[in-house]
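Colleague: This structure is in structure tokens; I'll ask about it shortly.
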Amino acid sequence: MVTSQWLCTKLLPDIEANPEIPIKTLQRKALGIYRVQVKQRLMYKVRSLGRQQIYGGFDESYALLPSYAEMIKSTNPGSYALVTWTADSGNVTPRFKACFFSFAAQVRGFLRGCRPIIGIDGAHLSGYYKGILLTAVAIDGNNEIFPLAYSIVSTESMDTWSYFFRSLKALFVQHGCQRDDWTFISDRMRGVESALYDVFPKAVRRVCAQHLYTNCRQAGYSGTAFHDLFWVAADAYNPYVFNKAMEKIGKLIPEAVGYLDKVPEQWSRHKFDVGVTCDHNTTNFVESFNACTKPFRDLPVLSLLEEIRSWCMTKIGARFDKAVDIGPDQLTPYATKELEERSADSRFCYATNAGGGGVNLRF
């Protein structure tokens with residue numbers, strides 16, 4: 001009789017080469033090489049056993065987290081690593097509650113070279129114990145994503161977001177930053193608003209316009225005309241364009257204007273603080289990071305954290321190597337490209353004398 005252990009031993013090299021190898025591929029290999037027809041359910045178990053041998057077990061992974069956190073703090077000064085357990089009561093063994101990690105290069109890079117806006121989001125883990133991966137992502141001077149911190153919690157709630165924001169503030173304080181008027185952007189997730197203002201009372205909150213539009217559709221406000229006008233309003237850089245778009249929405253769907261007026265968060269660009277120097281009104285940059293972590297979110301927690309650390313190290317390291325060659329008076333490649341494109345567009349402008357040395361530009 002063929003057992004899962006025997007199959008795992010025989011197919012382990014294939015699983016090591018590709019831990020995401022399709023089940024049907026493993027079935028064909030078992031049939032072609034060993035003349036064994038394996039049911040799909042058994043082959044899932046075989047692949048799971050193989051992945052466990054490669055990455056370690058889920059239980060063992062959680063047990064190693066405290067040692068992992070201490071290793072980070074001892075070998076990477078300036079990093080913040082926190083693992084939280086339930087209280088030890090009597091004979092009950094403490095259980096994992098949450099963890100939070102940010103490496104020194106991440107927080108220093110954010111405080112010294114990124115804009116004061118933080119995108120936050122949660123992504124579901126698909127491993128044996130499930131959970132949520134909370135992330136804080138910034139935008140660097142080249143308009144690229146810059147992962148700041150990440151946390152693993154049981155679920156999205158006010159308590160878990162409070163844990164995340166408290167840890168984030170402690171991270172900033174550890175590096176001598178007492179600022180609490182950061183701009184945060186997210187979708188309208190449960191528990192975020194109360195938790196955020198408890199920890200960062202002066203914070204400014206933006207809501208992702210794409211998620212807000214989805215909420216409008218769910219409320220019954222849809223149609224091509226509404227879609228186009230909504231995005232005119234969301235992308236408006238001045239009150240005049242915004243008000244004109246909202247006026248047209250009011251004529252089209254009067255209830256939609258009342259719905260949008262009640263949104264407490266900022267979602268139109270004309271409301272954004274120019275000091276933040278960032279006009280992002282969606283969380284696409286955070287979701288880009290989530291997409292990068294998706295292949296790892298079914299791994300044991302320690303392997304997941306190591307894969308994220310490795311990904312961040314590779315990206316930040318490569319950008320650092322490029323940044324050291326940029327002089328203090330030089331622009332980043334993104335800024336250079338933007339300036340060149342706008343300079344090219346200026347050929348279609350013409351100037352009219354406005355008196356007093358001023359001019360009026362028109363396209």
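Colleague: How about the range 165-198: which of its residues are of a type in the set (S, T, N, Q) and in a helix (DSSP H, G or I)?
Modeller: Correct list: Ser167, Gln174, Ser194.
To keep it simple, each residue is scored yes or no on (1) surrounded by 23 or more Cβ atoms within 10 Å (Cβ to Cβ); (2) out of contact with any Asp or Glu (no Cβ under 8 Å at 6 or more places or on another chain).
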{"position": "Tyr129", "(1), (2)": "no, yes"}
{"position": "Leu134", "(1), (2)": "yes, no"}
{"position": "Ala138", "(1), (2)": "yes, yes"}
{"position": "Glu144", "(1), (2)": "no, yes"}
{"position": "Pro147", "(1), (2)": "yes, yes"}
{"position": "Ser154", "(1), (2)": "no, yes"}
{"position": "Lys169", "(1), (2)": "no, no"}
{"position": "Gln178", "(1), (2)": "no, yes"}
{"position": "Asp181", "(1), (2)": "no, yes"}
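Colleague: Sort out for me the helices (runs of 4 or more DSSP H) sitting completely within the range 243-361 that have 1 or more residues that are modelled with pLDDT under 90.
Modeller: Helices (runs of 4 or more DSSP H) meeting the threshold: 301-323, 333-345.
Colleague: So which pairs qualify, if the first residue must be in the range 257-279 and in the same structural domain as Ala234 (by TED's automatic domain parsing), the second must be modelled with pLDDT of 95 or more and of a type in the set (Asp, Glu), the Cβ gap must be under 7 Å, and the two must be at least 6 apart or on different chains?
Modeller: Arg269/Asp235
Colleague: (1) in the same structural domain as Leu133 (by TED's automatic domain parsing); (2) closer than 26 Å to Leu196 by Cβ; (3) over 19 Å from the mean Cα position of the chain (by Cα): which one isn't true of Pro300, the others all being true?
Modeller: If we test Pro300 against (1) in the same structural domain as Leu133 (by TED's automatic domain parsing); (2) closer than 26 Å to Leu196 by Cβ; (3) over 19 Å from the mean Cα position of the chain (by Cα), just (2) comes out false.
Colleague: Take the conditions surrounded by fewer than 17 Cβ atoms within 10 Å (Cβ to Cβ), closer than 30 Å to Ser126 by Cα and either of a type in the set (Val, Ile, Thr) or in contact with a helix residue (DSSP H, G or I) (Cβ under 7 Å, 6 or more places away or on another chain) (or both) and apply them to Thr336. Does it pass?
Modeller: No: the conditions fail for Thr336.
Colleague: Further question: Among (1) under 19 Å from the mean Cα position of the chain (by Cα); (2) at pLDDT 95 or above; (3) of a type in the set (Gly, Ala, Ser), which single condition is Ser154 missing?
Modeller: Among (1) under 19 Å from the mean Cα position of the chain (by Cα); (2) at pLDDT 95 or above; (3) of a type in the set (Gly, Ala, Ser), Ser154 violates only (2).
The values are calculated or read from the model by the stated rules, or taken from the named source; none is laboratory data. Owing to the predicted nature of the structure, the values given are computational and were not obtained by experimental measurement. A quick note on method: Cβ atoms are made from the backbone with ideal geometry, for glycine too, and the neighbour counts reach across all protein chains shown.
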